[in-house]
Amino acid sequence: MGDRPVRVVAAACDGACSGNPGPGGWGALLRFEDGSRRELGGAAAATTNNRMELTAALAVLETLKDLPRHPDLALRTDSRYLIDGLEKWMAGWKRKGWRTASGSAVLNRDLWEQLDAARLPGLALRHVRGHSGDPDNDRCDAIAVAFSRGQPPSLAGESGSAAAQPVDADVVAELSDPAPPPLQQLLSRLELADRLAGGGYGLTAVELARLLEVPIASLEGKGDPWPWRDWLVRPLGDGRWRLERGAGGLARPQ
């Protein structure tokens, strides 16, 4: 990659609350094109799930503003409240003096105003169904839940803070392991790969690198079909790739 800054190629966030209102937590992660990742998280003693969702997104936006970003980067979230608020409702709220269509005051106005000010040009919001096996969403949820329970997990890419200290083994067991077991992660990726192959979908370089868990730079210059596990990865010639099942025996487990 030479001297080119390492760009962020994937971002996700989530919030959690016990009681709603009650103790809450939020989690987020960023993936870089060299394969590394950075995780973020925090807690609030008395809050709501929606406030934690907004806080997580705000933390991502404030972190991203100082980092190089891949042009295809999108912030993935399972919160329709966050997406609809930023993309559909906010313009009307501001016209009405931060009032809803029914005339009541907009909840969480302080966070909405901060999110509005922190918007990043070209950064899209993308909805992902919660608890559906998406590794990044599941990890953000696990971080958020751990913080809401008062047991900050070890965060990738962080050091020198309480949030980065290792969690006692008994606590990890109680939280059902903040990170999905390796085989579960692999199964989720293989199931997703099979669905993508069956649907004939084209994948961007960012999406393919994330699926295969390889640095995006390793895809540069690949002009011929190549095998990955039980699929053939075929370049489409427009900067995208397609997975093909079996591909006449050319694909083989790596």
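The values are calculated or read from the model by the stated rules, or taken from the named source; none is laboratory data. Remember, it's a predicted structure, so these values are computed and weren't measured experimentally. Because the Cβ atoms are built from the backbone with ideal geometry, glycine has one as well, and the counts that use them run over all protein chains shown.
The requirement of being part of a loop (DSSP other than H, G, I, E, B) and either within 21 Å of LEU73 (Cα to Cα) or at pLDDT 85 or above (or both) is satisfied by ARG129. Residues in segment 59-91 that are in contact (Cβ under 8 Å) with a residue 40 or more places away in the chain and over 19 Å from PHE32 (Cα atoms): ASP78, SER79, ARG80, LEU82, ILE83.
Count of segment 11-45 residues, restricted to those that are in a loop (DSSP other than H, G, I, E, B) and under 14 Å from LEU155 (Cβ atoms), is 1. Residue count for segment 77-91 under the criterion of being touching a strand residue (DSSP E or B) at 6+ places or on another chain (Cβ under 9 Å) and surrounded by fewer than 21 Cβ atoms within 10 Å (Cβ to Cβ): the result is 4. Might you check whether a residue that is surrounded by fewer than 18 Cβ atoms within 10 Å (Cβ to Cβ), more than 21 Å from the chain's Cα centre (by Cα), among the polar types (S, T, N, Q) and not assigned by TED's automatic domain parsing to the domain that holds LEU196 occurs anywhere in segment 120-134? Looking through segment 120-134, none of the residues is surrounded by fewer than 18 Cβ atoms within 10 Å (Cβ to Cβ), more than 21 Å from the chain's Cα centre (by Cα), among the polar types (S, T, N, Q) and not assigned by TED's automatic domain parsing to the domain that holds LEU196. As for segment 106-115, it holds at least one residue that is among the aliphatic types (A, V, I, L, M), part of a loop (DSSP other than H, G, I, E, B), touching a Phe, Trp or Tyr at 6+ places or on another chain (Cβ under 9 Å) and assigned by TED's automatic domain parsing to the domain that holds ALA12. Selection over segment 110-130 of residues that are free of Cβ contacts under 8 Å to residues at least 12 places away in the same chain and not acidic (Asp, Glu) gives a count of 2.
Is it the case that segment 71-82 has a residue that's over 24 Å from TRP26 (Cα atoms), assigned to a loop (DSSP other than H, G, I, E, B) and within 24 Å of the chain's Cα centre (by Cα)? Within segment 71-82, one or more residues are over 24 Å from TRP26 (Cα atoms), assigned to a loop (DSSP other than H, G, I, E, B) and within 24 Å of the chain's Cα centre (by Cα).
Taking the criterion of being more than 14 Å from the chain's Cα centre (by Cα), surrounded by fewer than 23 Cβ atoms within 10 Å (Cβ to Cβ) and more than 30 Å from GLY221 (Cβ to Cβ), the residues of segment 1-46 that qualify are SER18, GLY19, ASN20, PRO21, GLY22, PRO23, GLY42, ALA43, ALA44, ALA45, ALA46.
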